[in-house]
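The values are calculated or read from the model by the stated rules, or taken from the named source; none is laboratory data. What you are looking at is a predicted structure, and each value in this text was computed from that prediction instead of being measured. Note: ideal-geometry Cβ built from the backbone for every residue, glycine included; neighbour counts use all protein chains shown.
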Ligand SMILES: Nc1nc2c(ncn2[C@@H]2O[C@H](COP(=O)(O)OP(=O)(O)OP(=O)(O)O)[C@@H](O)[C@H]2O)c(=O)[nH]1
Ligand SMILES: [Mg+2]
């Protein structure tokens, strides 16, 4: 499957940069392309300068709203992010339309952090604009949710996340949800390592996109997972899971002969990777709430058996009995077995619900704070009436 990728704001740009790096890797090692072009869109010129893999010309690193923001970002006000995207969105549309091999792309992937200003505000606006302009390709969003400590410090974080999620849900064909907090819960050394988190965010897409683009017979599975399977699976709220297990070290050629012991080891390793994928979802949710599910088994050809594929399918069927389950196998080199899982069409997402539920209280607090501010200022002004002014006309 081939994507056009566009990242909005700092977070979106950095994650898109990671997709660009993965595409270069696929080109270098396999001569296959999984992304036709990658763009970064920002109101902040310094953020655009800090990218490394996305092409550095102004058609790929697109500055929007520079008159309004002086090229320094929108300071977390996502309404301003939305406003500049309404005004300058044509720049992005033009760049996409004239991009290399655009007609080969199967879908769009737009990426942003929900809690900031530029990405959170501009991405939903651009999804709508792109959908109106390019009607034949689905438009997917990847939304990165903030760390818990950000939510505690600043109510804007929650407000931006809720408004970004609602607006994105109104227009996108599917929304991949990624929770920053999950990565530091799993590995506390990542607390100050956004680069490593971004790699982990992009990684599950790698096999998913590559599997259907392989040209060499030895890398083409019995059940090839192509763009059609992925597009059919995706819809609405979506999360990803990714698990790996190391296979026993390489054996001598005569030891490759299949026997029941070996098959049982492979099945065990496969289930282990599947369990890891399900417990490492990009956002906490219950598989039973997904009605459309996909898994990809990727391993050396000799390690893949129908038994294993069937066991993995049975495992998922138990977790999500009502879901339509699609699958594929991807034979490749290496000595590990990887499972990528997509849980889509989720009908319950507790984290999103929490954001939505906190909005009424937040708006009420805001209203009260506004009234208090106004009355405090009014009091201060009244107190100043006894003070002589240096202007004869009182400053009018
Ligand atoms: N995973 C990840 N999250 C990031 C990264 N950079 C920022 N974030 C998160 O994104 C949110 C802030 O959004 P930004 O993308 O920095 O904001 P912006 O869209 O540039 O908007 P303004 O700076 O307000 O104009 C916070 O929740 C950060 O934790 C990154 O490189 N990776
Ligand atoms: Mg920024």
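Annotations for the structure displayed:
- Selection status of residue 118, within 28 Å of residue 166 (Cα to Cα) and touching a strand residue (DSSP E or B) at 6+ places or on another chain (Cβ under 7 Å): yes
- Selection of segment 286-302 for residues being modelled with pLDDT under 95 and part of a loop (DSSP other than H, G, I, E, B) yields only 300.
- Subset of segment 325-348 (residues that are in contact (Cβ under 8 Å) with a residue 60 or more places away in the chain, farther than 16 Å from residue 234 by Cα and loosely packed, with under 13 Cβ neighbours inside 10 Å): 335
- Scoring residue 83 on the criteria (1) free of Cβ contacts under 8 Å to residues at least 60 places away in the same chain; (2) within 12 Å of ligand 2 (Cβ to nearest atom); (3) buried (at least 17 other Cβ atoms within 10 Å of the Cβ) leaves a single failure, condition (2).
This table checks each residue for (1) within 16 Å of ligand 2 (Cβ to nearest atom); (2) closer than 20 Å to residue 273 by Cα; (3) modelled with pLDDT of 90 or more; (4) buried (at least 17 other Cβ atoms within 10 Å of the Cβ).
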position	(1), (2), (3), (4)
180	yes, no, yes, yes
185	no, yes, no, no
206	no, yes, yes, yes
229	no, no, yes, yes
246	no, yes, no, no
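- Just one of (1) assigned to a strand (DSSP E or B); (2) at pLDDT 95 or above fails for residue 330. It is (2).
- Being touching a residue at least 40 places away in the same chain (Cβ under 8 Å), more than 11 Å from ligand 1 (Cβ to nearest atom) and not in a helix (DSSP H, G or I) is a property that residue 93 lacks.
- Sole exception among (1) in contact (Cβ under 8 Å) with a residue 40 or more places away in the chain; (2) within 16 Å of ligand 2 (Cβ to nearest atom); (3) assigned to a helix (DSSP H, G or I) for residue 19, by number: (2)
- Set 367, 310, 317, 322: member being free of Cβ contacts under 8 Å to residues at least 24 places away in the same chain, under 22 Å from residue 236 (Cα atoms) and more than 23 Å from the chain's Cα centre (by Cα): 317
- Looking only at segment 1-16, residues that are in a strand (DSSP E or B) and within 19 Å of residue 34 (Cβ to Cβ) come to 5 in all.
- 3 or more residues closer than 24 Å to residue 80 by Cβ and in contact (Cβ under 8 Å) with a residue 60 or more places away in the chain: qualifying helices (runs of 4 or more DSSP H) within segment 119-231: 155-171
- Taking segment 40-62 as the range and being assigned to a strand (DSSP E or B), within 12 Å of ligand 2 (Cβ to nearest atom) and under 20 Å from the mean Cα position of the chain (by Cα) as the test, the residues that pass are 40, 41, 42.
- Condition check for residue 65: within 16 Å of ligand 2 (Cβ to nearest atom), more than 30 Å from residue 219 (Cβ to Cβ) and free of Cβ contacts under 8 Å to residues at least 12 places away in the same chain: no
The rows are residues; the columns are (1) more than 16 Å from ligand 2 (Cβ to nearest atom); (2) within 26 Å of residue 238 (Cβ to Cβ).
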site	(1), (2)
69	no, no
74	no, no
93	yes, yes
100	yes, no
104	yes, yes
114	no, yes
138	yes, yes
142	yes, yes
150	no, yes
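- On inspection, residue 362 passes the criterion of being in contact (Cβ under 8 Å) with a residue 60 or more places away in the chain, in a helix (DSSP H, G or I) and surrounded by fewer than 21 Cβ atoms within 10 Å (Cβ to Cβ).
- Residue 167 being buried (at least 16 other Cβ atoms within 10 Å of the Cβ), within 16 Å of ligand 2 (Cβ to nearest atom) and either over 22 Å from residue 69 (Cβ atoms) or under 18 Å from the mean Cα position of the chain (by Cα) (or both): no
- Output for segment 25-42, where each listed residue is more than 11 Å from ligand 1 (Cβ to nearest atom) and either in contact with a strand residue (DSSP E or B) (Cβ under 9 Å, 6 or more places away or on another chain) or modelled with pLDDT of 95 or more (or both): 26, 34, 35, 36, 37, 38, 39
- Looking only at segment 303-314, residues that are part of a helix (DSSP H, G or I) and out of contact with any strand residue (DSSP E or B) (no Cβ under 9 Å at 6 or more places or on another chain) come to 5 in all.
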